[in-house]
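These notes are about the structure you will find just below.
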Amino acid sequence: MKVQTEKIRVMLVLDSKLTKKDIFQDCRNAVKAGIPCVQYREKEKSPEEMVSDCLRLKEICSGKALLFINDFPDVAFACGADGIHLGQCDCSVQDARELLPEAIIGVTASSLDEAKKAEADGADYVSASPVFATGTKSDAGAPIGLEMVKQIKDSVGIPVMAIGGINPENAKSVFDSGADAISVVSCIVATDDVFKSSKKLLEAVKK
Ligand code: TZP
Ligand code: MG
């Protein structure tokens, strides 16, 4: 990863459907707790709404946490995000890189082939997905398991993130399998106290 790679150890993916408050309060509380990296992930909002949301989030994260945008390089460009996360069906790494030469670009990978291709395409990290079963993303596919996280780690030279069903109880096992970073949604945003649940996760993965 290009900048501040060591910061990307724990990423919180915000979710306006799962939150008990709103994504801005969640972001503020998570950043206050020490979450170093936040991802904006919205599937149904207009481009204008996304840019407006992300400008607010950028302000909340400013100087404290990195802001990533899921799926939309143009939104990332408009708000000056630090990074972009792309799925297998999103735009190519090359197209994202053209628009965002300085951004950290991550790509989801569920197999060794996808992980190797992401690296060859110029991704800065791959996100092994889904490690465990998750109810948060209905089309996430079957869990790939910790053994596949390890195999992906052994197959690429770029950092490996892991996502899907990760929580304070199993997070350490994900790092022990070789992951450099984890990304979570529900174990933080679906709780009543985002500050407290962020602290709990960070404590569980403390080096
Ligand atoms: N991509 C793969 S699994 C997933 C995403 C966005 C959802 C993970 O959510 P949770 O609640 O941490 O299992
Ligand atoms: Mg996507």
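Name the residue from Ile104, Met161, Val194 whose Cα lies farthest towards the positive end of the charge dipole of the chain, charges +1 on Cβ of Lys and Arg and -1 on Cβ of Asp and Glu.
Val194
Lys/Arg Cβ at +1, Asp/Glu Cβ at -1, dipole of the chain taken about the Cα centre: which of Ser183, Phe77, Gly122 is farthest positive-ward?
Ser183
If you build a Gaussian network model of the chain, linking Cα atoms that sit under 10 Å apart, which residue out of Lys64, Lys45, Lys116 swings the most?
Lys45
Find how much the distance from Gln25 to Glu48 grows on full extension, using 0.36 nm per residue of separation minus their present alpha carbon separation; answer in nm with one decimal.
Computed gain between Gln25 and Glu48 is 6.2 nm.
May I ask you to list the lysines whose Cα is less than 23 Å away from that of Lys45, ignoring any residue fewer than eight positions away on the same chain?
Lys17, Lys20, Lys21, Lys58, Lys137
If you place +1 on the Cβ of every Lys and Arg, -1 on the Cβ of every Asp and Glu, and leave all else neutral, what size is the dipole of the chain about its Cα centre, to the nearest 20 Debye?
900
Evaluate the relative contact order of segment 7-206 (contact order divided by residue number), counting alpha-carbon pairs under 8 angstrom at least 6 apart; express in whole percent.
Working: 402 pairs, mean separation 41.8, N = 200.
Across segment 7-206, relative contact order equals 21 percent.
Counting only Cα atoms, I'd like the Rg/Rh figure for segment 7-206, Kirkwood definition for Rh.
Checking Rg against Rh, the ratio lands at 0.93.
No value in this document is a laboratory result; all are computed from the given coordinates. The model shown is predicted, which means the values in this text are computed figures rather than measured ones. Counting neighbours? That spans all protein chains shown, and the Cβs are built from the backbone with ideal geometry, glycine included.
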